[in-house]
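What follows is a short report on a single structure.
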Amino acid sequence: MNTRFLILSGAIAVAFCVSVPSAPAKTAGCPCSPCKCSPCTCGGGGGGKSGKHHGKEHGHDHGSSFGVGGTVDLGGIGHRSREADPFAAGGGDKPAAHTEEKQKTKRKEPEPTSSNFDEIKLTGIEGKGDIPPQDTFNVNNDEPAPKTTDAATELKKAHDDYHTARSEWLKKQPNWNNLLHDWTQSPNTEEGNRKSAKAKKKIDNLAKQFDAGDGKQLVDDWKTKFDNALKSGVKVGDNALVPPPKDDIEKKKYAVIKAQNDLDQIKQNYDWKKQNAANQDEEVNKAQKALYDSGSSANDPQYKAALADLDKKISAAGAKWVATDDGKQEVNKVHEAEKELDKAKEAWKPFEKYVEK
């Protein structure tokens, strides 16, 4: 029985040694328990470097390990690392300048000073505050800042305000939709044209009624802005911006302005068509190429000759277009507009002396 007991005890001891994982042994002189190095190199044994205590050679540090094999280097805390230059262009070498910590200076608290208020003046100009400080200006927060707009902008606004109000007023008038339909949608026949003209006359009468009634103030404001624009030298080239006349004198005055605008517009169309015809002319294109090939120096005789030839070819092309049916038609339009302007000026001439300049 003793023999059996000894054999059983030995088997249990062997099984215990096999089942328990082998932990790194602690060598003589090693302060760790248990030691995580295998073989231990922290102390004097194991054949490692004497005196090293789980340093960087082993990849871990006491007090900074976390998780499984993770390490955190705390050596950089408190030191600012250099940041990338946000204005540097990509692909180039970084500048060699070093970023240094700015030393913070302690804020010096103002020293308390004593005053007996002898320097404060409660009477006189200084005391009343009538002398403003230098390089300052007085601002009254209760009053809005003045708006600065030019005469042309004011005229356009007055025009828009009038037409918006008149449109809303006309929509409220009886039979307005039928009148608008007859004026704009009547067929291009004798009966349709007569119906359209009749509706247009009624619409004009409604507009006059608005101008003399609900829209009188808007018309007056429009006229004021129109006169201000003319006095300031603004050229009112759009006839739509000319206000409705209140009498024959204003009617004749505004007729001159409108006739001049019509002539300017017709001349502009004439010049555009003439230039377009020259641009498409073959001789002009050849002269342009010759000018391009001659060089760019204005003092070069060859360049001057090429430029003179180009001007001659453009004039010839324009004269050729004027001789066409399209050109003759545009020329007649210019002549008719000039006649209308002369008639308007002649009608206005007797009243011109009554207008204050």
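Looking at Thr189, Thr136 in this structure, which one is of a type in the set (Val, Ile, Thr), modelled with pLDDT of 50 or more and open to solvent by less than 100 Å² (accessible area, probe 1.4 Å)?
Numbers: Thr136 fails: modelled with pLDDT of 50 or more.
After applying the criteria, what remains is Thr189.
All but one of (1) open to solvent by 60 Å² or more (accessible area, probe 1.4 Å); (2) in a helix (DSSP H, G or I); (3) out of contact with any Phe, Trp or Tyr (no Cβ under 8 Å at 6 or more places or on another chain) hold for Gly233, so report the exception by its number.
(2)
Scan region 291-302 for residues that are surrounded by fewer than 16 Cβ atoms within 10 Å (Cβ to Cβ) and either part of a helix (DSSP H, G or I) or touching an Asp or Glu at 6+ places or on another chain (Cβ under 6 Å) (or both) and report the count. Break it down stepwise before answering.
Restricting attention to region 291-302, the residues satisfying the condition of being surrounded by fewer than 16 Cβ atoms within 10 Å (Cβ to Cβ) are 292-293, 295-302.
Narrowing further to those that are either part of a helix (DSSP H, G or I) or touching an Asp or Glu at 6+ places or on another chain (Cβ under 6 Å) (or both): 292-293, 301-302.
Adding up the residues that qualify gives 4.
Taking into account only those residues within region 184-226 that are assigned to a helix (DSSP H, G or I) and β-branched (Val, Ile, Thr), which is nearest to the chain's Cα centre (by Cα)?
Narrowing region 184-226 to residues assigned to a helix (DSSP H, G or I): 184-185, 190-212, 216-226.
Okay, now just the ones that are also β-branched (Val, Ile, Thr), so 184, 203, 219, 224.
Details: Thr184: 40, Ile203: 43, Val219: 35, Thr224: 33 Å.
Within region 184-226, the match that is nearest to the chain's Cα centre (by Cα) is Thr224.
When you go through Glu330, Glu346 one by one, which is the residue that is closer than 30 Å to Lys231 by Cβ and either at pLDDT 95 or above or surrounded by fewer than 16 Cβ atoms within 10 Å (Cβ to Cβ) (or both)? Walk me through how you get there before you give the answer.
Numbers: Glu330 fails: closer than 30 Å to Lys231 by Cβ.
Result of the check over Glu330, Glu346: Glu346.
Considering (1) outside any helix (DSSP H, G or I); (2) at pLDDT 95 or above, say which one Asp271 fails and leave the rest.
For Asp271, the exception is condition (1).
Yes or no: Val242 modelled with pLDDT of 95 or more and under 26 Å from Gln268 (Cα atoms)? First the steps, then the outcome.
Working: modelled with pLDDT of 95 or more: yes; under 26 Å from Gln268 (Cα atoms): yes.
In short, yes.
Over 21 Å from Ala165 (Cβ atoms), touching a Leu at 6+ places or on another chain (Cβ under 9 Å), of a type outside the set (Ser, Thr, Tyr) and part of a helix (DSSP H, G or I): is that true of Val256 in this structure?
The answer is yes for Val256.
For region 208-233, give me each residue that is without any contact (Cβ under 8 Å) to a residue 12 or more places away in the chain, over 12 Å from Pro244 (Cα atoms) and among the aliphatic types (A, V, I, L, M).
Leu230
Looking only at region 238-251, filter to residues that are open to solvent by 60 Å² or more (accessible area, probe 1.4 Å) and outside any loop (DSSP other than H, G, I, E, B); which one of those is nearest to Tyr162 (Cα to Cα)?
Taking region 238-251 as the starting set, the residues that turn out to be open to solvent by 60 Å² or more (accessible area, probe 1.4 Å) are 238, 245-249, 251.
In the following step, the residues that additionally are outside any loop (DSSP other than H, G, I, E, B) were identified as 248-249, 251.
On the way: Asp248: 21, Ile249: 22, Lys251: 19 Å.
That would be Lys251.
The values are calculated or read from the model by the stated rules, or taken from the named source; none is laboratory data. Predicted model only: the values in this text are computed from it and were never measured. Positions of Cβ are backbone-derived with ideal geometry, glycine not excepted, and every protein chain shown enters the neighbour counts. Heads up: the accessible areas ignore ligands, DNA and RNA and are worked out on the full protein's heavy atoms, side chains in. Shrake-Rupley method; radii C 1.70, N 1.55, O 1.52, S 1.80 Å.
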